[in-house]
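Enquirer: Can you keep this structure in mind? I'll have questions shortly.
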Amino acid sequence: MVIGLSGSPRRRGNTEQLLDRFLAGASDAGGIVEKIILSELKYPSCKGCNACHKTGSCIMDDDVNGLYDKLLAADCVVVSSPIYTMGITTELKSFIDRAHYLWVRFFVLGSHIISQEEKKVRRGYFLSTAGMDQDDVFDTAFPMMKAFFNILGFTHCAGVQAGNMDEYGGITGHPTALENAYQTGTLAVKEILSGYPCLEQEKR
Ligand SMILES: Cc1cc2nc3c(=O)[nH]c(=O)nc-3n(C[C@H](O)[C@H](O)[C@H](O)COP(=O)(O)O)c2cc1C
């Protein structure tokens, strides 16, 4: 099962199109895919009450908890977000902060452990677009994605990032990004079905 999370508040924009190509590639390779639009869900941000430090559960009862159960059961999670003010969108950051109860389960209470062996075949990908053609424009997103995939027990595999959208006039004007996303989705599912670990890990 491949789950795509769209973190852009703009429907069918550059980043969602990139996600769609990844999911199309994954589906064509035999994967079962599902796309979730974070801006259509209702969830407040983490309140930092730390109740989860005792219970391992979040006191908020909304769309997020069921979705996290789904992500934990997935083989592959592909997260997409445009760059907003040199970072990921509010929708995605708020969603990621709500995973704090899972961080507690894995790293404090030890009540739900995903082994290193399991983690090797569970894959997380990050797709992003930015308006500017600037080397460091995606830099702040990578540590957040690494933490997110680590909390959920996925290996952070190399995804697709495409800058310079302003110059290209949007993702359809980019020479390689959409095709790269399709090929990355195809390869992800082929390797998952063959039981191969992710060799091309994200280094940033
Ligand atoms: C509020 C806002 C902030 C943005 N901040 C940046 C930025 O800091 N750097 C950048 O390169 N592009 C920035 N952009 C441009 C978007 O990253 C770019 O247009 C992206 O492709 C939009 O993706 P979408 O169509 O999926 O929403 C910003 C756009 C918006 C709306």
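Enquirer: E167 to Y196: FRET efficiency via 1/(1 + (r/R0)^6), r the Cβ-Cβ distance, R0 35 Å, to the nearest 0.05?
Expert: Numbers: r = 37 Å, r/R0 = 1.05.
Computed FRET efficiency for E167 and Y196: 0.45.
Enquirer: Pairs K42/K203; K70/K146; K47/K203; K47/K120: which exceed 29 Å Cα-Cα?
Expert: Values: K42/K203 33 Å; K70/K146 19 Å; K47/K203 31 Å; K47/K120 32 Å.
Check vs 29 Å cut-off fails for K42/K203; K47/K203; K47/K120.
Enquirer: Can you tally the net charge around P9? Count Lys and Arg as +1, Asp and Glu as -1, for every other residue whose Cβ sits under 13 Å from the Cβ of P9. Present the calculation step by step, with values, prior to reporting the outcome.
Expert: On the way: positive: R10, R11, R12, K93; negative: E16, E40, E91.
Counting the neighbours of P9, the net charge comes to +1.
Enquirer: If neighbour count is taken as other Cβ atoms inside 10 Å, put V79, V137 in order from fewest to most. Can you show the working numbers first?
Expert: Values: V79 28, V137 19.
Sorted ascending by nearby Cβ count, the order is V137, V79.
Enquirer: In addition: Please work out the FRET efficiency for the pair F107 and T176, using the Cβ-Cβ distance as r and a Förster radius of 25 Å; give the result to the nearest 0.05. Before the final figure, lay out the partial values.
Expert: On the way: r = 38 Å, r/R0 = 1.51.
Calculated transfer efficiency: 0.10.
Enquirer: In whole Hz and in residue order, list the ³J(HN,Hα) couplings for region 134-150 that follow from phi through the Karplus curve 6.51 cos²θ - 1.76 cosθ + 1.60, θ = phi - 60°; x for Gly and Pro.
Expert: Karplus-based 3J(HN,Hα) across region 134-150 equals 10, 3, 9, 5, 9, 4, 6, 6, 5, x, 5, 5, 4, 5, 4, 5, 5 Hz.
Enquirer: What ranking do C46, C198 get, fewest neighbouring Cβ atoms within 10 angstrom at the top? Intermediate values should be presented prior to the final figure.
Expert: Working: C46 19, C198 23.
In order of increasing Cβ crowding within 10 Å: C46, C198.
Enquirer: Still on this structure, please answer the following. May I ask for log10 I(q)/I(0) of region 45-204 at q = 0.14, 0.18, 0.21 Å⁻¹, from a Debye sum over the Cα atoms as equal point scatterers with solvent left out?
Expert: Once normalised to I(0) and log-transformed, intensities are -0.77, -1.15, -1.37.
Enquirer: Under a plain spin-label model, where a point goes 7 Å from the Cα along Cα-to-Cβ, how far apart in nm are D28 and K146?
Expert: Label-label distance for D28 and K146, simple model: 3.3 nm.
Enquirer: Continuing with this model, one more query. Counting other beta carbons within 10 Å of each Cβ, put T129, T184, T90, T85 in order, fewest first. Mind showing how you got there, number by number?
Expert: Working: T129 28, T184 22, T90 16, T85 8.
By the 10 Å Cβ count, ascending: T85, T90, T184, T129.
Enquirer: Output needed for region 12-58: three equivalent-ellipsoid semi-axes, defined as square roots of 5 times the C-alpha gyration tensor eigenvalues, in descending order, whole Å. Can you show the working numbers first?
Expert: Working: eigenvalues 218, 48, 12 Å².
Each semi-axis is the square root of five times an eigenvalue, giving 33, 16, 8 Å.
Enquirer: Compute the semi-axes of the equivalent ellipsoid of region 37-101, taking the square root of 5 times each eigenvalue of the Cα gyration tensor, and list them largest first in whole Å. Can you show the working numbers first?
Expert: Details: eigenvalues 86, 48, 24 Å².
For region 37-101, the semi-axes come out at 21, 15, 11 Å.
Enquirer: Hey, what's the Cα Rg ratio for region 1-131 versus the globular rule of thumb, 2.2 N^0.38 Å? Mind dumping the intermediate values first?
Expert: Numbers: Rg = 15.3 Å, N = 131, 2.2 N^0.38 = 14.0 Å.
Rg over 2.2 N^0.38 Å, computed on Cα atoms: 1.09.
Enquirer: Still on this model: So if I place +1 on the C-beta of Lys and Arg and -1 on the C-beta of Asp and Glu, and nothing else carries charge, what would the dipole magnitude of the chain be about its Cα centre? I want it in debye, nearest 20.
Expert: Numbers: 20 positive and 24 negative charges, 121 e Å.
Computed charge dipole of the chain: roughly 580 debye.
Enquirer: Next question, about the same structure. D139 label point, 7 Å along Cα→Cβ, cut-off 17 Å on backbone N: hits in region 177-204?
Expert: 203-204
No lab work stands behind these numbers, since they all come straight from the coordinates. These figures come from a predicted structure and were not determined experimentally. We place every Cβ from the backbone using ideal geometry, glycine too, and count neighbours over all the protein chains shown.
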